[in-house]
């Protein structure tokens, strides 16, 4: 029988399929469609210290092969997530989640992470580096190895749970950032966030999105995110979670062969809310097709 | 919410630039008039949200405007085609607040969900009236259907080619009502709000990512905090709406 189990920092997941932050709400929206307990896990909507309304409209633009979006971390703030969302989730979801942490300063990241660290429902703290550093010029924390390392280090100091750092994709040298995060204490990496992009409205001659640029997600991103995972795998020894463009069971196998220990499914959930279940259901047959008994044996096999 | 395969029973022009589509399949997730469905189309990444005009135990009637490439593609689909559709989306209209004499105000294809609402109100023994506004006679839709329900119904067109010349807000003056139900383009919603004499419910359109509340693409500000048009709406009570300046 096919063994789908994978292990992330000592946490054994039933399968490597994790629904991405920002595409899965707090999990409950999908309970009409399938039992969400079949997931490996899922990642909560990115959470900041204060509630945030998010970016001006329009926030999404359809593209030929995907969607460009700029939500702006809309969330109710850490207090409401801890006191309302997590207790509600407990009634439907027995497993632990990834807690996606955002901030506009290093201190905010550490503070939000330390609150999530108190919850037994949280398995892994996921640090989203694709937030602007408001105090220091507004550049994304994920765009610079030194800044990425500083956030990682401060969050590590603030928590006892494993810290996985979600890297930004629009950078010149992702490997140097991956290495910097590992050296700063990251227990794992999530690679990668959506790719920065823009669409122009031909009628108005202006950008479609209210924030001009947004993050592009698409099955067409798979070769690019997979390449980044492949490169990082050779440079770091912590587990990598592969993401951005994963939308079939075969994509999961490819991503794992490139070096991922698990995968995240993102915007595919928005198009097809049943996608995670379909992928999990399809994995055993695909594994058999390619002579795989246990998923953990293929991690990094392409190297 | 249900995600299922629905078979096209009918897909025909209903007015200039508007098609009527009847889908067969599981309608058990639909619980109120004014809800919508979200349709996956081959070759298009995001689904197309379309409000439900009417439904019964085995079919859903949609009226949709040809607004872009997606709906153009949809209009070319033939009888018997199967579509992946999410049904039972959004809150829909709350008929319990209508009082005995609600007024339904629709603009263009926004009249579609008001038809199912009108039937629901009639079945509850209420006496709804309807005002429907269109640009011109060729774009008018559902007028015969409303008349056939026996409802007092008024039609306005901007060019006077059918009914009264003018806007829905002109025709509203002639009707006494206990409550309002409004669906149409945003400028019309706002104009109706400006002359409204009672409480009411307004149905909003939005650019949606998922249609079921996950992506936060269609969030808007209300007097009671931020809400998702797809999940907390598309129908909002007049007293909670913050009109965009």
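Residues that are assigned to a loop (DSSP other than H, G, I, E, B), under 22 Å from residue A:77 (Cα atoms) and more than 10 Å from chain A (Cβ to nearest Cβ) within the stretch B:205-228 comprise B:223, B:224, listed in sequence order. If the condition is being touching a strand residue (DSSP E or B) at 6+ places or on another chain (Cβ under 8 Å), within 21 Å of residue A:66 (Cα to Cα) and either away from chain B (no Cβ under 14 Å) or not in a loop (DSSP other than H, G, I, E, B) (or both), then the stretch A:272-294 contributes A:275, A:276, A:279. In this structure, is residue A:9 buried (at least 23 other Cβ atoms within 10 Å of the Cβ) and either farther than 22 Å from residue A:91 by Cβ or modelled with pLDDT under 95 (or both)? Here the answer is no, as residue A:9 does not meet what is asked. For the stretch A:97-118, which positions are part of a loop (DSSP other than H, G, I, E, B) and surrounded by fewer than 17 Cβ atoms within 10 Å (Cβ to Cβ)? Once the filter is applied, which keeps residues that are part of a loop (DSSP other than H, G, I, E, B) and surrounded by fewer than 17 Cβ atoms within 10 Å (Cβ to Cβ), the stretch A:97-118 yields only A:118. Residues that are free of Cβ contacts under 8 Å to residues at least 40 places away in the same chain and surrounded by fewer than 18 Cβ atoms within 10 Å (Cβ to Cβ) number at least 1 in the following strands (runs of 3 or more DSSP E) confined to the stretch B:61-173: B:152-157. In this entry, residue A:73 passes the filter for residues that are more than 7 Å from every other protein chain (Cβ to nearest Cβ), in a loop (DSSP other than H, G, I, E, B) and touching a residue at least 24 places away in the same chain (Cβ under 8 Å).
Among the residues of the stretch A:29-67, those identified as buried (at least 19 other Cβ atoms within 10 Å of the Cβ) and more than 10 Å from chain B (Cβ to nearest Cβ) are A:36, A:39, A:40, A:41, A:42, A:43, A:44, A:46, A:47, A:48, A:49.
The values are calculated or read from the model by the stated rules, or taken from the named source; none is laboratory data. Note that the structure is a prediction, hence the values are computed from the model and not measured. For neighbour counting, all protein chains shown are included, and Cβ atoms are generated from backbone atoms with ideal geometry for every residue, glycine included.
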